[in-house]
Amino acid sequence: MDIREDMELTLAVDRLAFGGKGVARLDGLVVFVDGGLPGATVKAKVTRLKKGFAEATVVKTVTPSPQAATPQCPHFGVCGGCVWQDLDYGAQLFWKREQVVETLARLGGLPDVEVAQTVASPRVYAYRNKMEFAFAGRLHLGLHERLRPGRVLDVAECRLMAPWAGEVLGFIREACAKTGLAAYDARSSKGVWRHLVLRESEETGERLVNCITGPARGAGDAAHALGQAVMARFPEVTGFVHSVRRAATAVALGERQVLALGKDYLEERFGPARLHVSADAFAQTNTQAATLLYDVAAKAAGEAPSGAAADLYCGCGGIALTLAPRFETVFGFEADKRAVADADRSAELSGVGNAVFKAMDAAKGLAELADVSLAVAVLDPPRNGAAPEMVAALLAAAPPKIVYVSCNPATLARDLKALGELYAVARVTPVDLFPHTAHIEAVAELELR
């Protein structure tokens, strides 16, 4: 069959690929189908044709999938925040495990590793304690569209966070539009409004609004007025922060805090760990599921009352403080000085006296522990995985056990393959922190050969 772009095909979807798209086959050609669910027959338009595969988008469902579910969000399908609200949650857990299994085999050369059933999130809606929204043009505020990611959709609500977030979002969208100031444009480095980050503590109920702008003239006064208006309209918002970001990369992370009205942090509990979370700090966004994730990691790490544990890429200390009761000393290393300051405050809140946090490169920190009786090294790197220097440092230190917490099965597989020089993978446990999305968290337990 001569397949061309923009052609409509009738396809039988048989599985889900890593990243969330359905997989179909036609005359030996693999077709990745956006919006295709396993077991469905669909009409789909070809959007891209490459040697060996094609990409397509569902135009019409001919035969529904037996795994289909009814989405709850009115923006589903247009908004790019979720891809699987129309997939039964049990099926989501199944396919996430399958994708971990396939990725470890294909990229890591680990076809026989034990992969546990995916640990479910206690909540599948309203589970997020943090949402990041983007500004665009004059003036949109919301989430990026699914099929046109360069455009921002003015969402009225997001079912992944509690309803208050939609109310604050709508108020701020209108207030910012009234200023007449445009959104920041990375191509020209002009404009003001960049991102809006909303946080809520499940432990205390406190709410924090962080408005991130470019460094344009007038941004400070406009953000100050916005903060006053937000806190007057929403008394349950306990803090408003204005941060500035100069770098053109579209990341919802301020480089410098300019203003704080009320409290510029929240306190959250993840099991035994009470965390001090600053406005721009990283903390897991699903409190209840992250507590389960930390418990899985702690059980994998084991106990050594006379030994030490190292938490690499420790952030504000969630894993380290969970491990602290199991070890004589826990060392946490993190390059971000602000995160280390949060970790120190978190240790005080948690009543932990045996955690030592240092603001330094994690690989260099691990090398400093050469004379320490290290029982386990735990690492939770960003999506791009462990740096080559980190892998080399782990192989040089050769602790009896490594626990690798990953948010990207592809880089996890790559790094497990490299660590396979000295380590065997005992088991991998997927944990679902992000229902209705294709994101997968996993905990790998490695033992020295």
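The values are calculated or read from the model by the stated rules, or taken from the named source; none is laboratory data. Fair warning: this is a prediction, and the values are worked out from it, not measured in the lab. Glycine also receives a Cβ, built like all others from the backbone with ideal geometry; neighbour counts cover every protein chain displayed. Note: areas computed on protein heavy atoms with side chains; ligands, DNA, RNA excluded. Shrake-Rupley method; radii C 1.70, N 1.55, O 1.52, S 1.80 Å.
Summary of computed values
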read-out: Reachable aspartates and glutamates, given that their alpha-carbon falls under 20 Å from the alpha-carbon of K45 and they are not under 8 places away in the same chain; value: D2, E5, D6, E8, D14, D27, D34, E55, D86, E145
read-out: For L153, residues with placed amide H under 5 Å, excluding near neighbours; value: L143, H144, E145
read-out: Hits among aspartates and glutamates - C-alpha to C-alpha of K401 under 13 Å, sequence gap 8 or more where chains match; value: E303, D311, E445, E447
read-out: Long-range HN-HN contacts of L87 with modeled amide H, under 5 Å; value: A69
read-out: About the Cα centre, charge dipole magnitude for region 57-156 (Lys/Arg +1, Asp/Glu -1 at Cβ), debye; value: 420 debye
read-out: Taking only Cα atoms of region 1-123, radius of gyration then Dmax in Å; value: 15.3, 47
read-out: Apportionment of accessible area to carbon and sulfur, the chain, percent (1.4 Å); value: 52 percent
read-out: Accessible area per residue in Å² at 1.4 Å probe, computed on region 382-438; value: 33 Å²
read-out: Derived scalar couplings ³J(HN,Hα) [region 176-193; Karplus, 6.51 cos²θ - 1.76 cosθ + 1.60; whole Hz; x for Gly, Pro]; value: 5, 4, 5, 6, x, 8, 7, 5, 5, 10, 5, 5, 9, 6, 10, x, 10, 6
read-out: Sequence-distant lysines (8 or more away, or on other chains) whose Cα lies within less than 16 Å of K337; value: K358, K364
read-out: Distance between modelled label sites at N354 and K299, nm, 7 Å Cα→Cβ extension; value: 2.2 nm
read-out: Length gained when the stretch L422-Q72 is fully extended (0.36 nm per residue, less Cα-Cα span); value: 121.3 nm
read-out: Extension gain from D6 to T63, taking 0.36 nm per residue of separation minus the Cα-Cα distance; value: 18.4 nm
read-out: Karplus (6.51, -1.76, 1.60) ³J(HN,Hα), θ = phi - 60°, over region 338-352, in Hz, Gly and Pro reported as x; value: 5, 5, 5, 4, 4, 4, 4, 5, 5, 4, 5, 4, 7, x, 9
read-out: Built amide H within the under 5 Å cut-off of V258, gap 5+; value: H242, S243, V244
read-out: For the chain: rounded, prolate or oblate by the Cα gyration tensor [a/c cutoff 1.5]; value: oblate
read-out: Distance (nanometres) between label positions extended 7 Å along Cα→Cβ at R217 and E114; value: 6.6 nm
